[in-house]
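The values are calculated or read from the model by the stated rules, or taken from the named source; none is laboratory data. Model, not experiment: these values are computed from the prediction. Positions of Cβ are generated from backbone atoms using ideal geometry, with glycine treated the same way; all protein chains shown enter the neighbour counts. In case anyone asks, the SASA skips ligands and DNA or RNA and just uses the protein heavy atoms, side chains included. Shrake-Rupley method; radii C 1.70, N 1.55, O 1.52, S 1.80 Å.
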Amino acid sequence: MPPSPLSPQVSIVVPLYNGADRIERALDSVRAQTHADWELFVVDDCSSDAGPEIVRDYISRTADHRITLVVQAENRGPSAVRNDGVRMACGQFIMFLDCDDELLPGALTHLLGLAAGGPVNIVGGAHIARTDSGRLSPRPDSQTGSMTGVEAVQGLLQERIWNYTHGKIYSRQLLQSVSFREDIRRYEDIIFNACAFSYSKQVVLSPEPVHVYSINGQSTTWTQRLTADFVHDTEAYIREGLNPDVAPQVSGKSWRTMRATLAVVVLSNAIAGDAEPAVLRELRRVLRRNVKMTDLPDVVRTAPLIGISALVARVAPRTYAWLYRRYVARTYELGA
């Protein structure tokens, strides 16, 4: 069903879970948009802090009835929360915003301006990473401009497009065919985006920053216990969810690069999270199984940082662990 002429142009879905100290900043950033035709759903996933009360007070205090608070009856995870938000949305486009992130003031104006150029399924912009000290680092996609869905899938799997759902608007019509898997709580963004890109006729990605991504050492990115399943299952879920007309067009190089990326990222996050030695040994075995030495020249050419990381992690695991901890401390201001 097409949106009503009276529907807002953009629906913004904000999952909330124990974000009491951050949610107001996210809401302020939406209310500061230069484009005012939006609605926002804060979907609380059974927070144990005062987050829902803060949102209720915020709505009352600002009298901004474009904002709606929805409280879930049980904790179901971020994927289910986003899907519930999509079902409530009435906008022509849908955007996802985490409760600890922010939009830059002209984000909606910029993204909708790009969407106005033709029938576009997804429009995205760059993000700026912010550390706890306030240091800002712009991180645009390496692949930008207008592209087909299969070109976007290849760029995503080859590490030329960030896998995040933030900083993007998705057509409501597209999200009638694509949703978040609710049986996972890790790497849902890359799975969702690969599937969404594959069902898109046109994707437009801009190098203009539209989103501030907060690096939080308490998030699941850094604290979740990692296992080999995160490598195997993520690839399987992507393959399962791709548009069957597009899947055969995805190159072997893309799959090899994505497999290397998953193995390196899971191992690296386990190192940063001080995983037990047995877990690290298992993840190193996974990396060696998934990234063969014969694959590395192709991976290094396609995604140099991933390829070099995979090589060092294979041949000098202790050196790689030391280097990665130093990298995390310097870049993200996390750990020792």
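Spatial offset of region 64-94 relative to region 267-291 amounts to 35 Å, using the alpha carbon center of each. Once neighbouring chains are kept in place and the probe is 1.4 Å, which whole percent of the accessible area of region 1-126 is contributed by carbon and sulfur? Heavy-atom surface of region 1-126 belonging to carbon and sulfur, 1.4 Å probe: 55 percent. A probe of 1.4 angstrom, applied to the heavy atoms of all protein chains, finds residue 189 with accessible area near 20 square angstrom.
Across region 57-64, computed HN-Hα scalar couplings (Karplus, 6.51 cos²θ - 1.76 cosθ + 1.60, θ = phi - 60°) run 5, 4, 4, 5, 5, 8, 6, 9 Hz from first to last residue, x flagging Gly and Pro. Comparing 143, 107, 62 along the charge dipole axis of region 39-196, the residue lying farthest to the positive side is 143, per the Cβ-charge model. Relative protection proxy for 296-304, 270-278, from highest mean packing down: 296-304, 270-278 (other beta-carbon atoms within 10 angstrom).
What you get for the chain, charging only the Cβ of Lys and Arg (+1) and of Asp and Glu (-1), is a dipole of about 1400 debye around the Cα centre. Against the chain, whose longest principal axis is taken from its Cα atoms, helix 252-272 shows a tilt of about 90°. Distance between the C-alpha centres of region 294-336 and region 97-134: 29 Å, rounded to the whole angstrom. Among the listed values [x] 133; [y] 192; [z] 173, the one computed from these coordinates for volume of the Cα convex hull per residue in Å³ is [x].
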